[in-house]
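Student: Attaching a single structure in structure tokens format; questions to follow.
The values are calculated or read from the model by the stated rules, or taken from the named source; none is laboratory data. This structure is a prediction, so every number in the text was calculated from the model and none was measured. Using ideal geometry, Cβ is built from the backbone for each residue, glycine included, and neighbour counts are taken over all protein chains shown.
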């Protein structure tokens, strides 16, 4: 059987390896200096362009360069405005009319939580019994405005007379043939 030769200590690095490491460090230092010089040159040119635009009257003197924090804040406000606009463009009247048109002899709506961004609506309601709850669920599934109607949870209220059922549904809120 052949003897295994395990070497746990690395060999001495050669002079060539150290020379290559030094050369690589020097190249990195030269590139960093060149990058700093280009950045300072760019800033100088931008300042000259700004001064020339002021001289020509193409840029108002009061306009200051906006910082990244100001730009970030403007982007956040724009996103909020788009969110509000999207919610206002939803067909709220169709949804309310459809829910009000549903027979409500055995079911009472407790809350309605629409999420216009996701195109979903959450419905909390109370039914006289489990059968009434299931019939309400089926009626919502057959409606044109809602799809993917899912029962999230239900609870039989044993402490109340007649043992009503409190439940939560979620559904995708359709607008026409496509979701927004």
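Student: Just one of 82, 122, 90 is out of contact with any helix residue (DSSP H, G or I) (no Cβ under 8 Å at 6 or more places or on another chain), surrounded by 15 or more Cβ atoms within 10 Å (Cβ to Cβ) and either modelled with pLDDT of 85 or more or not in a strand (DSSP E or B) (or both); which is it?
Tutor: Answer to the selection: 90.
Student: Let me ask you something else. Which numbered condition in (1) under 30 Å from the mean Cα position of the chain (by Cα); (2) part of a loop (DSSP other than H, G, I, E, B) is the only one that residue 152 fails?
Tutor: (2)
Student: Test residue 116 against the stated conditions and say whether it is within 26 Å of residue 168 (Cα to Cα), touching a strand residue (DSSP E or B) at 6+ places or on another chain (Cβ under 6 Å) and surrounded by 10 or more Cβ atoms within 10 Å (Cβ to Cβ).
Tutor: Considered against the rule, which asks whether it is within 26 Å of residue 168 (Cα to Cα), touching a strand residue (DSSP E or B) at 6+ places or on another chain (Cβ under 6 Å) and surrounded by 10 or more Cβ atoms within 10 Å (Cβ to Cβ), residue 116 comes out as no.
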